[in-house]
Amino acid sequence: MSVPENILVSMNASRNAVITAHINPDGDAVGSTLGLWHLLRTMGCNATVVLPNAAPSNLMWMEGSSEIVVFGDDAKRIMADADTIFVLDLNAISRLGEIGVAIQSSAATIVNIDHHTFPEDFASAAWVDVDACSTGIMIAMCADALNAFTPAMAMCLYTGIMTDTGSFRFPRTTSHVHRMVAKLIDEGADPVRSFDEVMNRGSIARTRLLGIALSTMSIYADGALCTMVVRGADMLAHECATEDVEGFVSQTLALHGVKIGILFVELENETKCSFRSKGTTYVRDLAAQYGGGGHVYAAGARVKGRHFDEVVEEITAKAIDALTK
């Protein structure tokens, strides 16, 4: 798919832009917003990345990350002056939290660029490609169409693509993805540094917490379901934050025969659920039952106001039922 003309027109027309992405931004959200930030700046646009909350520390090495504004009073003033607001890597305005409320009352042109399924219609111009591996590759296609790469931009976009493809091993990692990644490397992306900065920055405390989480693994449905649990008390004892458990869920799919893996994290008055699957088994609908969403193979949800063990038991039962139908 080529970049829609109205998306490129919106980029060219913008003189004072805000770029945002979903709550709890991941590698693709941060990489694509920073990539677009660099792109718009090369086009003479005054652009600002505004995120609903702070990005994980292992993503804050990319050039431009120190310029990110976390939503608050300053961000409100910046958004009030924007002529264009680019909303990246999300399909529903509710995933922006308070930023979504500000956008709904904004007179700016709203541009949505995303690759998630079931998109809501909230933008003046939208480019949604559910076959794209990441939002990062969609921004890379924009930069390619505009012939406007810089080394810093290439690094941000490479990192977004790398993280959302699971280091190029998830479905939708096509030959087109590899060709675009080769282009980004030619333009200055450093694959060695990107992987090292994102993946190799764990602490001994996080590693010990992972060991405890691995010991909680349980198998159901004749080996097709694997669950893992992280207790709040263990996070507290090891002085770990929510961002420290990112990536733990991938361990559940490392077991032979597992089709669905679920990580349950006990937070204050909330259960964070991360779902992963492979083959022809999808988990987005399971996450959606609890107000979550994501991709067919990778989704998440947060269940508030219910006892942790009750949520674990209920969702595990629903996953077993989905696998045995």
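The table for this structure:
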| read-out | value |
| --- | --- |
| Chain lengthening between V192 and H178 when straightened (0.36 nm per residue, less Cα-Cα) | 3.5 nm |
| By average C-beta atoms within 10 angstrom, highest first, the peptides 26-37, 68-79 | 26-37, 68-79 |
| Span-like helix ranges in the chain, DSSP H, alpha carbon extent 18 angstrom or more, Kyte mean at least 0.5 | 151-164 |
| q = 0.07, 0.12 Å⁻¹, the chain: log10 I(q)/I(0) [Debye, one scatterer per Cα] | -0.28, -0.83 |
| The range 133-179 versus the range 243-318: alpha-carbon centroid distance in Å | 26 Å |
| Cβ-based exposure ranking for H178, H256, H295, in which fewest neighbours within 10 Å come first | H256, H178, H295 |
| Under 23 Å between alpha carbons - lysine pairs in the chain that sit 8 or more apart or on different chains | 9 |
| Summed residue charge, Cβ within 12 Å of I113's Cβ, Lys/Arg positive, Asp/Glu negative | -4 |
| Dimensions (Å) - the range 204-324, Cα atoms, principal axes, largest first | 38, 32, 22 |
| For the chain, size of Cβ-based charge dipole, Lys and Arg +1, Asp and Glu -1, in debye | 500 debye |
| Qualifying trypsin sites (Lys or Arg not before Pro) in the range 102-211, DSSP loop, other Cβ atoms within 10 Å at most 15 | R169, R201 |
| All-pairs alpha carbon distance profile, the range 5-199, 5 Å steps from 0, percent | 1, 8, 19, 23, 22, 16, 8, 3, 0 |
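Values quoted throughout were computed directly from the atomic coordinates according to the rules given, and no laboratory measurement underlies them. Just so you know, these numbers come straight off a predicted model, no measurement behind them. Heads up, the Cβs are rebuilt from the backbone with ideal geometry, glycines too, and the neighbour counts pull from every protein chain shown.
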